[in-house]
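Everything below concerns the one structure shown next.
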Amino acid sequence: QVQLVESGGGLVQAGGSLRLSCAASISIFSIDAMNWYRQAPGKQRELIAGITSGGNTNYADSVKGRFTISRDYAKNTANLQMNSLKPEDTAVYYCRAYKYPMNYWGQGTQVTVSS
(Lines give C-alpha, C1' and ligand atoms only; values in the text may rest on other atoms or scores of the structure.)
Protein backbone atom coordinates (compact mmCIF):
# COMPACT_ATOMS: atom_id res chain seq x y z
CA GLN A 1 0.00 0.00 0.00
CA VAL A 2 1.21 3.48 -0.91
CA GLN A 3 -0.26 6.67 0.50
CA LEU A 4 0.20 9.87 -1.47
CA VAL A 5 -0.36 13.38 -0.17
CA GLU A 6 -0.31 16.37 -2.51
CA SER A 7 0.46 19.89 -1.36
CA GLY A 8 1.36 23.27 -2.80
CA GLY A 9 -1.87 24.24 -4.50
CA GLY A 10 -3.46 27.62 -4.14
CA LEU A 11 -4.56 30.80 -5.85
CA VAL A 12 -2.15 32.55 -8.19
CA GLN A 13 -2.40 35.24 -10.83
CA ALA A 14 -1.90 34.45 -14.49
CA GLY A 15 1.79 34.37 -15.32
CA GLY A 16 2.71 33.25 -11.83
CA SER A 17 4.23 30.03 -10.55
CA LEU A 18 3.39 27.25 -8.14
CA ARG A 19 5.25 24.15 -7.04
CA LEU A 20 3.23 21.05 -6.22
CA SER A 21 4.61 18.19 -4.18
CA CYS A 22 3.41 14.62 -3.86
CA ALA A 23 4.74 12.91 -0.77
CA ALA A 24 4.83 9.12 -0.80
CA SER A 25 4.60 6.90 2.27
CA ILE A 26 7.34 4.63 0.96
CA SER A 27 10.69 5.14 -0.70
CA ILE A 28 10.14 6.35 -4.23
CA PHE A 29 13.06 4.19 -5.32
CA SER A 30 10.51 1.36 -5.29
CA ILE A 31 7.90 3.23 -7.35
CA ASP A 32 8.03 2.55 -11.07
CA ALA A 33 6.46 5.77 -12.30
CA MET A 34 4.86 8.87 -10.89
CA ASN A 35 2.44 11.08 -12.73
CA TRP A 36 0.50 14.28 -12.33
CA TYR A 37 -3.06 14.55 -13.59
CA ARG A 38 -5.55 17.36 -13.43
CA GLN A 39 -9.30 17.63 -13.63
CA ALA A 40 -11.10 20.86 -14.38
CA PRO A 41 -14.81 21.27 -13.59
CA GLY A 42 -16.95 19.41 -16.11
CA LYS A 43 -13.93 17.83 -17.79
CA GLN A 44 -12.25 14.46 -17.72
CA ARG A 45 -9.11 13.88 -15.73
CA GLU A 46 -6.09 14.32 -17.98
CA LEU A 47 -2.49 13.20 -17.71
CA ILE A 48 -0.16 16.19 -17.82
CA ALA A 49 3.26 14.94 -16.73
CA GLY A 50 5.05 11.73 -15.83
CA ILE A 51 8.44 10.53 -14.69
CA THR A 52 9.74 6.98 -14.62
CA SER A 53 12.12 5.37 -12.17
CA GLY A 54 14.81 5.86 -14.79
CA GLY A 55 14.15 9.58 -14.93
CA ASN A 56 12.42 9.71 -18.30
CA THR A 57 9.80 12.42 -18.45
CA ASN A 58 6.81 13.18 -20.63
CA TYR A 59 4.38 16.06 -20.81
CA ALA A 60 1.06 16.93 -22.34
CA ASP A 61 1.32 19.46 -25.13
CA SER A 62 -0.74 21.90 -23.08
CA VAL A 63 1.97 22.19 -20.39
CA LYS A 64 5.16 21.41 -22.30
CA GLY A 65 7.76 24.10 -21.77
CA ARG A 66 5.94 25.53 -18.73
CA PHE A 67 5.77 22.61 -16.29
CA THR A 68 8.62 20.45 -15.02
CA ILE A 69 8.24 17.17 -13.15
CA SER A 70 10.99 15.87 -10.90
CA ARG A 71 11.66 13.36 -8.15
CA ASP A 72 13.29 14.17 -4.82
CA TYR A 73 14.64 10.89 -3.47
CA ALA A 74 15.72 12.43 -0.18
CA LYS A 75 12.17 13.61 0.56
CA ASN A 76 10.31 10.81 -1.25
CA THR A 77 8.38 13.32 -3.32
CA ALA A 78 7.44 13.90 -6.91
CA ASN A 79 7.27 17.59 -7.66
CA LEU A 80 5.62 19.64 -10.36
CA GLN A 81 7.04 23.08 -10.99
CA MET A 82 4.45 25.13 -12.82
CA ASN A 83 5.48 28.39 -14.46
CA SER A 84 3.68 30.86 -16.70
CA LEU A 85 0.35 29.71 -15.34
CA LYS A 86 -2.80 30.42 -17.31
CA PRO A 87 -6.45 30.56 -16.22
CA GLU A 88 -7.03 27.34 -18.17
CA ASP A 89 -4.62 25.58 -15.81
CA THR A 90 -7.26 25.90 -13.09
CA ALA A 91 -8.10 22.40 -11.88
CA VAL A 92 -7.69 19.88 -9.11
CA TYR A 93 -4.26 18.32 -9.49
CA TYR A 94 -3.73 14.67 -8.58
CA CYS A 95 -0.64 12.58 -8.10
CA ARG A 96 -0.55 8.95 -9.19
CA ALA A 97 2.08 6.36 -8.37
CA TYR A 98 2.49 3.12 -10.25
CA LYS A 99 4.15 0.34 -8.31
CA TYR A 100 3.69 -2.88 -10.16
CA PRO A 101 0.96 -4.05 -10.41
CA MET A 102 -1.01 -1.33 -8.58
CA ASN A 103 -1.90 2.32 -9.10
CA TYR A 104 -2.26 4.67 -6.15
CA TRP A 105 -3.81 8.13 -6.07
CA GLY A 106 -3.58 11.13 -3.82
CA GLN A 107 -6.56 13.18 -2.71
CA GLY A 108 -5.80 16.14 -4.97
CA THR A 109 -4.87 19.78 -4.48
CA GLN A 110 -6.73 22.75 -5.95
CA VAL A 111 -4.93 25.16 -8.26
CA THR A 112 -6.77 28.31 -9.24
CA VAL A 113 -5.28 30.79 -11.71
CA SER A 114 -6.95 34.18 -11.88
CA SER A 115 -6.85 36.36 -14.99
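The values are calculated or read from the model by the stated rules, or taken from the named source; none is laboratory data. All figures in this text were calculated on a predicted structure; none of them were measured in a lab. Please note: Cβ atoms are built from the backbone with ideal geometry, for glycine as well, and neighbour counts cover all protein chains shown. In case anyone asks, the SASA skips ligands and DNA or RNA and just uses the protein heavy atoms, side chains included. Shrake-Rupley method; radii C 1.70, N 1.55, O 1.52, S 1.80 Å.
Kindly indicate the residue of the range 40-64 that is within 17 Å of LEU4 (Cα to Cα) and of a type outside the set (A, V, I, L, M) and also modelled with the lowest pLDDT among those meeting that condition.
Out of the qualifying residues, it is SER53.
Please work out which one of (1) surrounded by 13 or more Cβ atoms within 10 Å (Cβ to Cβ); (2) in contact (Cβ under 8 Å) with a residue 60 or more places away in the chain is the condition ARG45 fails and give its number.
Going through (1) surrounded by 13 or more Cβ atoms within 10 Å (Cβ to Cβ); (2) in contact (Cβ under 8 Å) with a residue 60 or more places away in the chain one by one, ARG45 breaks only (2).
Here is a check on your reading of the model: is SER53 of a type in the set (S, T, N, Q) and open to solvent by less than 60 Å² (accessible area, probe 1.4 Å)?
no
On the given criteria, is ASN76 touching a residue at least 24 places away in the same chain (Cβ under 8 Å), touching a helix residue (DSSP H, G or I) at 6+ places or on another chain (Cβ under 9 Å) and open to solvent by 20 Å² or more (accessible area, probe 1.4 Å)?
yes
Out of all the residues in the range 90-111, which are in contact with a Leu (Cβ under 9 Å, 6 or more places away or on another chain) and either on the phi > 0 side of the Ramachandran plot or open to solvent by less than 50 Å² (accessible area, probe 1.4 Å) (or both)?
Scanning the range 90-111 gives TYR93, TYR94, CYS95, ARG96, ALA97, TYR104, GLY106, THR109, VAL111.
Out of curiosity, is ARG19 surrounded by fewer than 17 Cβ atoms within 10 Å (Cβ to Cβ) and in contact with a strand residue (DSSP E or B) (Cβ under 7 Å, 6 or more places away or on another chain)?
yes
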